[in-house]
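Following: one structure in structure tokens, then a few remarks.
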Amino acid sequence: MVGFIRFADTLSGAFGKAFAWLIILMTFGTAYEVFVRYVLGSPTPWALDVSFIMYGTLFMMGGAYTLSRGGHVRGDFLYRLWQPRTQAKVDLFLYIFFFFPGVLALVFAGWKYAARSWSYAEVSVNSPAGIPIFQFKTVIVAAGILLVIQGIAQVCRCLLCMRDNVWLQADEDVQETESLLLKKATEAETRPGGHV
């Protein structure tokens, strides 16, 4: 199980980090659009659609990565007070009865939408540029498959935690700025005569 968990975490991380580069493209695309619209007075017919497509792709393809790193929002005002074994039991129940049905519905519905979209080379109706969007509909399926793989890894994590009463953590690769600042402040306070 640990091997599969590490494989899924690595796969999710690779896709999440690869698609994170879309932020750079979105930034340049938006800056270009602002420049040509407000400085040159000649807006593009494609910028809105392309930014929607890139943001949607980034959002969808980052889902499994976020799941692998425990980054999804959860109402943990009670959850955090429970023993890890109890947390794992609740998580396992939620994965089986809510997560997998929802994600599998996403995959199957996405497959239907993507197949239909590819069959007639669908383009966006939101702009006169006619930006192709059939490839974007395929992202729905790809993101769903990644979520299924990562979901299976999360179920394995739950089973291990139910056995050992300790969560198997993902490799940490990114930290929130607030966490780094808090850690730095705590270290400074614990040093003799230390100040923040």
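Tabulated data for the structure shown
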quantity	calculated
C-alpha long axis of helix 177-190 to longest principal axis of the chain, angle in °	30
Dipole of the chain, positive end: most advanced residue of THR44, TYR113, GLY29 [Cβ charges, Cα centre]	TYR113
Charge dipole (debye, nearest 20) of the chain; +1 at Cβ of Lys and Arg, -1 at Cβ of Asp and Glu	400
Likely footprinting exposure, MET54, MET60, MET1, fewest C-beta neighbours within 10 Å first	MET1, MET54, MET60
Shape category assigned to region 143-182 from the gyration tensor of Cα positions, a/c cut at 1.5	oblate
Mean residue ellipticity (222 nm) of the chain, computed from DSSP H runs ≥ 4 via -39,500 (n - 2.57), nearest 500	-22000 deg cm²/dmol
Summed side-chain charge close to SER119 - residues other than SER119 whose Cβ falls under 14 Å, Lys, Arg +1, Asp, Glu -1	+2
Lys, Arg +1 and Asp, Glu -1 on Cβ, resulting dipole of region 1-116 about Cα centre, debye, nearest 20	320
Environment charge of GLN87, counting only residues whose C-beta is closer than 12 Å and scoring Lys/Arg +1, Asp/Glu -1	+3
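All of the numbers you see were taken from the coordinates with simple rules; none came from a lab. What you are looking at is a predicted structure, and each value in this text was computed from that prediction instead of being measured. Every residue, glycine among them, receives a Cβ derived from its backbone with ideal geometry; neighbour counts consider all protein chains shown.
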